[in-house]
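Only the coordinates and a few stated rules stand behind these numbers; no lab work does. Model, not experiment: these values are computed from the prediction. Because the Cβ atoms are built from the backbone with ideal geometry, glycine has one as well, and the counts that use them run over all protein chains shown.
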Amino acid sequence: MSRRKQVYEGKAKVLFEGPEPGTLVQYFKDDASAFNNRKRGVITGKGVLNNRISEFLMLRLAEIGIPTHFVRRLNMREQLVRQVEIIPIEVVVRNVVAGSLARNLGIAEGTPLQRSIVEYYYKNDALGDPLVSEEHITAFGWATTHDLDEIMQMSLRTNDFLSGLFLGIGLKLVDFKLEFGRLYNHNDEMRLVLADEISPDNCRLWDIKTNEKMDKDRFRQDLGRVEEAYQEVARRLGILPEGGPGDVKAPSTVQ
Ligand SMILES: Nc1ncnc2c1ncn2[C@@H]1O[C@H](COP(=O)(O)OP(=O)(O)OP(=O)(O)O)[C@@H](O)[C@H]1O
Ligand SMILES: [Mg+2]
């Protein structure tokens, strides 16, 4: 690990310089945080599972033509990605009312939405990632209207695709968060790509039959069996690490 220069340490991941210019290594930690870092903990094995789950979902999205930062998985906890200029916006797509939408508007959690809702939050921990509109985003130059058109299209396509994929394994995609980044080629042409991660850390997934929560809400709400929920999502996707659940337990043996 010390071979590489650390670029950034976030709440759930560490970024290292990659082997070639323009690449980064994303290291997935077991650390969990919620409520703008006011609640913290560890979900044992989460990093290993999120690394796999995000790899799997990014690859499936690339197959349907959604460009992503993902290059390849390197080991149990690390993946190689293309370094991008992160657009400082978190894009949240919702299919069912939950979380802050339920809280802020007083609508019962679980209420299905007639149409998916796309929301933007300004990525700024000090401000608590406030909700912003397209007007704010363009006025302050975080993205252009053209960028936002593309972001909206990619987000809705991702939603349709992932909703179907999860439905196939008995999970309802209630909502999820995406991050996008700018990627430049040799001719300095810019392309927007999906970045960060897609995992039960930033998706709400409910069991179709029981409505049981299978995501980070188990940690947020102290529902217990958090590790098991992440494992169950990976198991249903058919990507539990080779040695089975035992393989995800001890970070020291897997690096
Ligand atoms: N391809 C990429 N190139 C550059 N930065 C990336 C890329 N993918 C993700 N990131 C950034 O790397 C960081 C990942 O770390 P982590 O998810 O732990 O951050 P975080 O604690 O959630 O903090 P933040 O508020 O910055 O998202 C995020 O800041 C994310 O925006
Ligand atoms: Mg993050």
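Restrict the check to segment 74-87 and report whether at least one residue is touching a helix residue (DSSP H, G or I) at 6+ places or on another chain (Cβ under 9 Å) and over 26 Å from E227 (Cβ atoms). Checked against the condition, which is being touching a helix residue (DSSP H, G or I) at 6+ places or on another chain (Cβ under 9 Å) and over 26 Å from E227 (Cβ atoms), segment 74-87 yields at least one hit.
Within segment 1-29, restricting attention to residues that are in a loop (DSSP other than H, G, I, E, B) and within 14 Å of ligand 2 (Cβ to nearest atom), the residue that is farthest from V226 (Cα to Cα) is G10. When S133, S155 are checked against the criterion of being of a type in the set (G, A, S) and loosely packed, with under 12 Cβ neighbours inside 10 Å, a single residue qualifies: S133. Among the numbered conditions (1) farther than 21 Å from F28 by Cβ; (2) within 16 Å of ligand 1 (Cβ to nearest atom); (3) of a type outside the set (A, V, I, L, M, F, W, C), the only one that K172 does not meet is (2). Considering segment 153-245, the qualifying strands (runs of 3 or more DSSP E), each wholly inside and each with 2 or more residues that are touching a residue at least 60 places away in the same chain (Cβ under 8 Å) and farther than 21 Å from R115 by Cβ, run over 171-184, 190-195.
Taken together, F70, F56, F28 contain a single residue that is farther than 24 Å from Y120 by Cα, touching a helix residue (DSSP H, G or I) at 6+ places or on another chain (Cβ under 9 Å) and near ligand 1 (Cβ under 10 Å from one of its atoms), which is F28.
In segment 45-57, the residues that are on the phi > 0 side of the Ramachandran plot and surrounded by fewer than 24 Cβ atoms within 10 Å (Cβ to Cβ) form no Cβ pair under 8 Å with any partner that is aliphatic (A, V, I, L, M) and not in a helix (DSSP H, G or I), whether six or more places apart or across chains.
Scanning segment 1-15 for residues that are within 13 Å of ligand 1 (Cβ to nearest atom) and touching a residue at least 24 places away in the same chain (Cβ under 8 Å) yields K11, A12, K13.
Residues in segment 107-125 that are over 14 Å from W206 (Cβ atoms), among the polar types (S, T, N, Q) and surrounded by 11 or more Cβ atoms within 10 Å (Cβ to Cβ): S116, N124.
Counting only residues that are out of contact with any strand residue (DSSP E or B) (no Cβ under 8 Å at 6 or more places or on another chain), small (G, A, S) and away from ligand 1 (no atom under 16 Å from the Cβ), segment 104-147 holds 4 of them.
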